[in-house]
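Computed from the coordinates by the stated procedures, all read-outs in this text should not be read as laboratory data. Because the structure is a prediction, the values reported are computed rather than measured. Neighbour counts are summed over all protein chains in view; Cβ atoms, including those assigned to glycine, are modelled from backbone coordinates with ideal geometry.
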Amino acid sequence: MTTLANIKLRCPCCRKRFRSQMVASTNQVGMATDFMPVTEGFPSIPALVHACPSCGFSGEEDDFSGKQELPEAVKQRVFLELKPHLKGRRVSAPRAYQNAAMILEWRGAPAVTVADGYLKAAWCCRLQCTNDTGRDEEYFLREALERFEHAVASKITSDDVTARTTYLIGEA
Ligand SMILES: [Zn+2]
């Protein structure tokens, strides 16, 4: 069963501290056809991403560790492109994964890593997490697929990624 614990994080972008919840334990009992982990009780995926309520910076717990300095150009894009969407609301899991994927792309992360972020945003739509993006599962799957295809075309991929891509092409 998935259990959560409260954590305090510090945003590497605006430096504000905020509270979030992390997955303390989870029990994967299977996998959906597109590799989404199926857990007992409520799903762990929406709780594996964190979003700063002040600026919209999003990522996994490690992205808030302060180990890596966020480039100034990326900070500027967060303030210009993500912060305006906040409108005083809590960031939903689909938007947090979308924000995280955008930030990874701005930082020059591999296409597969970015694609995984969009895939998780799609899963959160499927899991009916509150969604403030105005986008649906298909939109995020297309965003993921575009990047998986790019990775496959560049031959910088593994069998696992090729399998995901083949599946998503079949679904699209
Ligand atoms: Zn922030």
Relative contact order %, segment 3-171, counting alpha carbon pairs below 8 Å whose residues are six or more apart: 17 percent
Reciprocal mean inverse distance between Cα atoms of segment 1-134 - Kirkwood radius, Å: 15.1 Å
Residues 57, 140, sorted so that the one with the fewest Cβ neighbours within 10 Å comes first: 140, 57
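Among all stretches of the chain without exposed trypsin sites (Lys or Arg not before Pro) (DSSP loop, at most 13 other Cβ atoms within 10 Å), which one is longest? Present the calculation step by step, with values, prior to reporting the outcome.
Details: sites that count: 15, 16, 67, 87, 89, 90, 155.
For trypsin sites (Lys or Arg not before Pro) (loop position, at most 13 other Cβ atoms within 10 Å), the longest site-free span of the chain is 91-154.
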Exposure proxy order (Cβ contacts within 10 Å, fewest to most) of 160, 132: 160, 132
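Mind putting a number on the dipole of the chain about its Cα centre? Charges go on the C-beta only, +1 for Lys and Arg and -1 for Asp and Glu, and I need it in Debye to the nearest 20. Could you put the intermediate results ahead of the total?
On the way: 22 positive and 21 negative charges, 215 e Å.
The calculated dipole for the chain is roughly 1040 debye.
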Ranked list, fewest to most other Cβ atoms within 10 Å of each Cβ, for 136, 34: 136, 34
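222 nm [θ] for the chain, helices only, -39500 (n - 2.57) per DSSP H run of 4+, per residue, to 500?
Values: 5 runs with 66 residues, N = 172.
Helix-only estimate at 222 nm: -12000 deg cm²/dmol.
If I stretch the segment between residue 22 and residue 149 completely, what's the gain in nm (0.36 nm per residue apart, minus their alpha carbon distance), one decimal? Spell out each step's value before the answer.
On the way: separation 127, 0.36 × 127 = 45.72 nm, distance 3.16 nm.
Net length gain for the segment: 42.6 nm.
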Segment 53-58 - phi-based ³J(HN,Hα) in whole Hz, Karplus 6.51/-1.76/1.60, Gly and Pro as x: x, 8, 10, x, 4, 9
